[in-house]
Amino acid sequence: MNRRTALETARTGPALIAGVPADAVDLDALIAHLVARGFEGGVSIADPETDAVLWIHDGAPQESWFFEATGTEAVLPAAAGRDLLRQVASRGGTLSVVVGLPPLPAGPAATGDRAAEETPDAAQRVAAAARTGTAPGGMPPQGGNRAVPAGTTVTMEPPPHPWPEILSLFVERLARLRGRKLASRFLASLERALAPHGGRVEDGRVVAPPLPEATWRRIVETACASIVAVVGRGFVDAQIAAAEHALRQTSGAGEGR
């Protein structure tokens, strides 16, 4: 699943805010409020030129995705992404807040059948637009005369998530909320997805060697496919986010003792 599709999938799920005028919202206050609530999801703004989303995760704004009408894509870290989101909001458009994280793509090849070149040009171009107050499509290319290829994606990989623990808690929640039969179906699919990478499921717990975040994303997406048709993408995303939040709360309590 590419980033564009992942964003559209997230928008089909539950929303705290849907389609309000972006220039009527205090974006910084909204983001601060969502972070304070422990929200997991995205702040999305779209106008005819740009479609953008800032993902909030692990108690802070994380990466931002930007899609230009010209076909250029960029993935920016939180600070640069927030700056450009403000610029997009100042032009109007509509703002939505979607609940839950999508199945995040795993690198440049995720943008489509044609693998994109991994280069900082697109990110520099988009961030420059935020600083100067101009639309990214009107900026000259960075780095001399090098042109930015359409569809270019710059990937900033976040730190690895503790996926074995998250998935183990997710299975517990799935069994409690939707029954052990569905939880068993998910575990069987998860075990098949883990096997090529040396992982397994033991007594309902996930056991796996250290794996790259991109690999975990593919494993999770593959395993979840077996139950999404039954419970829906929104439910799956919300329960994974809840499992991660519970794990973070437990870890924080342990550190405080």
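Selection over the range 47-68 of residues that are assigned to a strand (DSSP E or B) and over 14 Å from the mean Cα position of the chain (by Cα) gives a count of 4. Residues considered: A229, A183, A246. Of these, the only one that is within 23 Å of L101 (Cα to Cα) and buried (at least 17 other Cβ atoms within 10 Å of the Cβ) is A183. If you check R176 against the conditions, is it free of Cβ contacts under 8 Å to residues at least 40 places away in the same chain, part of a helix (DSSP H, G or I) and basic (K, R)? Yes.
Condition check ((1) modelled with pLDDT of 90 or more; (2) closer than 26 Å to A60 by Cα; (3) in contact with a Gly (Cβ under 9 Å, 6 or more places away or on another chain)) across all residues:
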position: G137; (1), (2), (3): no, no, no
position: Q142; (1), (2), (3): no, no, no
position: H161; (1), (2), (3): no, yes, no
position: A188; (1), (2), (3): yes, no, no
position: P209; (1), (2), (3): no, no, yes
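F39 satisfies every condition listed in (1) assigned to a loop (DSSP other than H, G, I, E, B); (2) open to solvent by 30 Å² or more (accessible area, probe 1.4 Å) except (2).
Provide a single number: the residues in the range 1-55 that are β-branched (V, I, T) and without any contact (Cβ under 8 Å) to a residue 40 or more places away in the chain. I'd like the intermediate steps shown before the answer.
Going through the range 1-55, the residues β-branched (V, I, T) turn out to be 5, 9, 12, 17, 20, 25, 31, 35, 43, 45, 50, 53.
Applying the additional criterion that residues be without any contact (Cβ under 8 Å) to a residue 40 or more places away in the chain yields 5, 35.
Summing the residues that are β-branched (V, I, T) and without any contact (Cβ under 8 Å) to a residue 40 or more places away in the chain in the range 1-55 gives 2.
Taken over the range 7-36, the criterion of being modelled with pLDDT under 85 and crowded, with 19+ Cβ neighbours inside 10 Å is satisfied by L7, A10, A22, L27. Take the range 21-55 and flag every residue that is under 30 Å from A229 (Cα atoms), out of contact with any Phe, Trp or Tyr (no Cβ under 9 Å at 6 or more places or on another chain) and β-branched (V, I, T). Matches in the range 21-55: I45 only. Considering each residue of the range 74-83, count those that are over 22 Å from R233 (Cβ atoms), modelled with pLDDT of 80 or more and surrounded by 20 or more Cβ atoms within 10 Å (Cβ to Cβ), and give that number. So the answer is 2.
The values are calculated or read from the model by the stated rules, or taken from the named source; none is laboratory data. Predicted, not measured: the structure shown is a model, and the values here were computed from it. With ideal geometry, Cβ positions are generated from the backbone for all residues, glycine too; neighbour counts draw on all protein chains shown. Just so you know, the surface numbers come from the protein's heavy atoms only, side chains and all, with ligands and any DNA or RNA stripped out. Shrake-Rupley method; radii C 1.70, N 1.55, O 1.52, S 1.80 Å.
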